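Report on the following structure.
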Amino acid sequence: MNKEKNAVETLGKCEDIRIRLEPEQRLRIEQISRISQRSGLTPAEVEEVLRKARESLVPLTKDVDVVQDDGATKTYHVSRSGVGPLNTDMGKFWLFHIEVNDEWKTYDVLYKGELDDNQMPILDGRPLLLRIDSACYTGQIFNDRTCDCKQQLDEAMRMLEENRGGMIIHIPEQDGRGNGVAVKLATLALQDSLKLNTVEAALAILEDELNLDNKDAPQDLCKKIDARTYGGAIGVLKFFNFEGGPIQVMTNNPDKMKWFDDNGYTLERIGMTVEEPTEHNWRNLVAKSKLLGHEGLVSVESFSDENLIRDKKLIRD
Ligand SMILES: [Zn+2]
């Protein structure tokens, strides 16, 4: 009996809440004033927050032209389908959920700064502090130590907070340098058991898909190991009405910058600091430095001699 009574009471409360939040019904005056007291906002500000939260669910779209790496121009359809605040260990940010009709489809944009009335970034005229962040499911979600992706994302968020402005364009579908989570997991098996570095592991997994007798094979191979493209990320910047302005790109990978250069942005590269190499990630860091041209990750010289690495006890025999 008691159980039934509680259930009825709970249902009553839920129904009450549902009715109160029905979009077409305005909150009653007394409810607004109660929320006003709880939040410390004026009744008008409470109404404004409610209006914006509801409007954020209405997609905002724009078509933008982006120069590709072959010089051709492509038009992207860019759509904002959500925006809301995050309170993180690194500070408070806005997160935008953006959809683009390219091969990567979704872009999560972490933004530090003010929003205008349409909940779009107000860019303050300073160079835009920017990081393009490919998702790393294994490192950023589960803290796998094979790579430094989580440290790089954390560092970028700290830099945005310190700068009181900037943007991180996070691209979920670009995991495994654009080859996807399944390929990434296969390469992790080779890195873990065979002690291959990230590039050797990717080659071992992907080379069957390539015709190595083809004279274009080396370029094909490079594109296969790193299949990422950045037209959609530039589309996101243009969607935010940021066209051809000065950008400070937080990256150790100079290749990313060519896309922005070709689209008329003025660039300055800001290197990312990384943690000390560990027994888990040193092969990855050396391979990114020596084979993929990333800069500033490790002193390559100090890692060119395996004996030295052994001395540093980074290899377990
Ligand atoms: Zn990673």
Net charge around N179, counting only other residues with Cβ within less than 14 Å of its Cβ (Lys, Arg = +1; Asp, Glu = -1)? -3
Please compute the contact order of region 164-267 in relative form: average sequence separation of alpha-carbon pairs under 8 Å and at least six residues apart, divided by the residue count, as a percent. 21 percent
Spin-label zone in region 70-114 - amide nitrogen under 18 Å from a point set 7 Å from the Cα of R126 along the C-beta vector: 90-94, 110-114
In this structure, the FRET efficiency calculated for R51 and T88 from their beta-carbon separation, with R0 = 25 Å, to the nearest 0.05, is 0.45
Residue by residue through region 49-56, which ³J(HN,Hα) values in whole Hz follow from phi under the Karplus form 6.51 cos²θ - 1.76 cosθ + 1.60 (θ = phi - 60°), with glycine and proline marked x? 4, 4, 4, 5, 4, 5, 5, 5
Of the listed peptides 44-57, 228-241, 85-98, what is their order by residue-averaged count of other C-beta atoms within 10 Å, with the highest listed first? 228-241, 85-98, 44-57
Segment H77-K62, extension gain: residue separation times 0.36 nm, minus the distance between their alpha carbons: 4.8 nm
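Between L115 and L194, how high is the FRET efficiency from 1/(1 + (r/R0)^6) when r is the Cβ-Cβ distance and R₀ = 41 Å? Nearest 0.05.
0.25
Read the figures in this text as sums done on the coordinates, not as results from a lab. Quantities reported herein were computed from a predicted structural model and do not represent experimental measurements. Cβ: placed from backbone, ideal geometry, glycine included. Neighbour counts: every protein chain shown.
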